[in-house]
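What follows is a single structure, written as structure tokens, with notes after it.
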Amino acid sequence: MTAAEFPILGTEPLAVELANTLYGTGAARLDFLPDARRVGQWFAEVSERHGVAVPMGPHAARVRMLRDCVHALLSAAVEGRVPDAALVERVNDFTAAAPTYLRLDWSGGAPAACRAGTVTGAAAVLGSIATCCVELLTGPQADRVRRCQGPGCSLFFVQTHSRRRWCHPSCGHRDRQARYYRRHHTPGAS
Ligand SMILES: [Zn+2]
């Protein structure tokens with residue numbers, strides 16, 4: 001199993017990577033997490049990169065539910081819409097199922113604070129992804145969530161520099177090719 005078999009960008013917050021397992025729009029939409037086996041493989045791919053545990057047990061339906069919710073919330077954000085209230089409640093249900101508390105660490109030098117979880121397993125992992133989504137939508141990067149402009153591509157990304165319009169340079173290449181083709185092959189074009 002290689003990362004190339006999932007649309008993992010590798011540079012995005014985990015909530016964005018999860019939303020991107022739903023690729024394309026309409027009838028051409030591809031679901032990269034159709035069953036528990038693929039859900040497990042996806043977590044194996046992202047766990048090390050994002051420092052999350054691979055949740056065990058039958059949680060695929062909840063992963064898919066959170067994925068659909070995050071995807072819909074990011075779609076609303078890029079389209080400038082207020083999402084359905086039920087979606088907002090749903091993401092809040094996931095964060096509420098994994099409360100965290102501030103923990104003091106003062107083992108040497110300066111005191112430091114870290115967030116510690118109150119639950120483990122799938123609830124903790126899904127809660128952290130839901131929290132990532134809430135922080136993304138409300139934090140300093142909130143107005144930088146974008147949808148790729150590449151032909152047929154719908155992946156979300158956080159625009160890290162002002163000229164970035166594509167999820168990946170290869171999408172930019174395809175986009176330029178498509179525009180070149182349209183310019184030179186459109187009937188009536190000179
Ligand atoms: Zn793209």
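Brief remarks follow.
- The dipole here belongs to the chain: it is taken about the Cα centre, uses +1 on the Cβ of Lys and Arg and -1 on the Cβ of Asp and Glu, and is about 820 debye.
- If the segment from Glu89 to Arg37 were pulled out straight at 0.36 nm per residue, it would be longer than the present Cα-Cα gap by 15.9 nm.
- Fully extended contour minus Cα-Cα distance, from Val78 to Ala61, at 0.36 nm per residue: 3.5 nm
- Each residue of the range 147-155 was assigned a 3J(HN,Hα) from its phi angle through the Karplus expression (A = 6.51, B = -1.76, C = 1.60, θ = phi - 60°), giving 10, 4, 8, x, x, x, 9, 9, 5 Hz with x at Gly and Pro.
- Using Cβ point charges alone (K and R +1, D and E -1), the dipole size of the range 82-190 about the Cα centre works out to roughly 900 debye.
- Approximate spin-label separation Arg49-His161, in nm, with each point projected 7 Å along Cα-to-Cβ: 2.0
- Degrees between helix 121-138 axis and first principal axis of the chain (Cα, 0 to 90, nearest 10): 60
- Per-residue HN-Hα couplings for the range 37-43 [Karplus 6.51, -1.76, 1.60; θ = phi - 60°; Hz; x = Gly/Pro]: 4, 5, 4, x, 5, 5, 5
- Among Ser47, Ser107, Ser75: highest mean-square fluctuation, GNM of the chain, C-alpha pairs under 10 Å: Ser107
- Gyration tensor verdict on the range 11-53 (Cα atoms; rounded if a/c is under 1.5, prolate if a/b is larger than b/c, oblate otherwise): oblate
- Inter-part distance, the range 111-150 to the range 1-73, computed on C-alpha centroids, equals 15 Å.
- Size of electric dipole in the range 102-156: Cβ of Lys, Arg +1 and of Asp, Glu -1, about Cα centre, debye, nearest 20: 140
- 0 to 90° range, to nearest 10: angle between helix 169-185 axis and the chain longest Cα axis: 20
- Here the extension length gained between His185 and Ala116 equals 19.0 nm, from 0.36 nm per residue of separation less the Cα-Cα distance.
- Among Leu126, Leu74, Ala28 - extreme Cα towards positive end, dipole of the chain, charges at beta-carbon: Ala28
- In sequence order, calculated HN-Hα J values of the range 64-76 (Karplus, 6.51, -1.76, 1.60; Hz; x Gly/Pro): 5, 5, 5, 4, 4, 5, 4, 4, 5, 5, 5, 4, 4
The numbers here are math on the coordinates, done by the rules we state, and not lab data. Owing to the predicted nature of the structure, the values given are computational and were not obtained by experimental measurement. Because the Cβ atoms are built from the backbone with ideal geometry, glycine has one as well, and the counts that use them run over all protein chains shown.
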